[in-house]
Each structure stands twice: as structure tokens, then as C-alpha cells.
Amino acid sequence: MPSFEHHVFVCHNSRPADAPRTSCTPDGKSDLHARLQQLTKDAGLGGRVRINKSGCLDQCEHGPMVVVYPEAVWYGNVRPEDAAAIVEEHLVGGRPVERLRLAEECLNTKSCAHRG
């Protein structure tokens, strides 16, 4: 079997409501993950793209988070209704969805304006 063209990781981390950091999946469900899986299948990408649930991606203030490899494109504040754009524009069309892309200066830094 050939390797996947893309691996898409969807943060599925859930924290208690009183935790100091927010949670990408506060209700313990992942409608975003399910939507990405369905749209990927509908687009005929089932054998070429893998949609995975992940643990914490450590970008909690920007969640829900999605990261697409091998390009290492990080998407923040992604909602289930954004899934179609990720599938159509990025996974099918090869163009990252700029409106969802996490700014480089916010990725893995303690100084991002979004961090509390």
C-alpha cells in the first residue's frame, strides 16, 4: 500500500471546565474530526488522506486546532463548517486555507498575543 499523501491531525483534547487552559474538544466529541473524515471520503481521498484524532497540540488558545502534514500547515479556530474548505482547497486543490492558517509568530511561542 502506498503511503498517504496527507496526514491531518485534529486535536481531540478535552479538559475540565475549570482548567487554566482552554480545550479544543470541550464536549468530548469531535464534530470537526467526523466532518473532515466524511468530506475526505466524499471527495474520493479515502486511500490517500488520513484524518487522525490527536492529543493536545499545545496551541490551546487557538483551538480547535488542525495540522496537515507533510506541509506542516497549522490551522486554528477551526469549526466543523470550515472542514469543506480544508478538504476542497488544501487536500484536493493543494492550496492552504489562508483565513484559517495560524500565524507563524503564534506557533509554539509564549509571546503570542492570544496566550493568556
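The values are calculated or read from the model by the stated rules, or taken from the named source; none is laboratory data. Predicted model, so just to flag it, every value in this text is computed and none were measured. Quick reminder, even Gly has a Cβ in these numbers, built from the backbone with ideal geometry, and neighbours come from all protein chains shown.
Listing for the model above:
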quantity: Failed criterion for VAL67 (all others in (1) touching a strand residue (DSSP E or B) at 6+ places or on another chain (Cβ under 8 Å); (2) modelled with pLDDT of 95 or more; (3) surrounded by fewer than 19 Cβ atoms within 10 Å (Cβ to Cβ) hold); calculated: (3)
quantity: Residue match in the stretch 24-35 (condition: closer than 16 Å to CYS11 by Cβ, crowded, with 19+ Cβ neighbours inside 10 Å and in contact with a Ser or Thr (Cβ under 6 Å, 6 or more places away or on another chain)); calculated: yes
quantity: Top-ranked residue in the stretch 75-114 [being under 12 Å from the mean Cα position of the chain (by Cα) and among the β-branched types (Val, Ile, Thr); ranked as nearest to GLY46 (Cα to Cα)]; calculated: VAL87
quantity: Residue within the stretch 1-17 that is touching a Cys at 6+ places or on another chain (Cβ under 9 Å), loosely packed, with under 15 Cβ neighbours inside 10 Å and of a type outside the set (Gly, Ala, Ser) present; calculated: no
quantity: Of all residues in the stretch 6-44 being farther than 17 Å from ARG79 by Cα and at pLDDT below 95, the one that is farthest from the chain's Cα centre (by Cα); calculated: ASP18
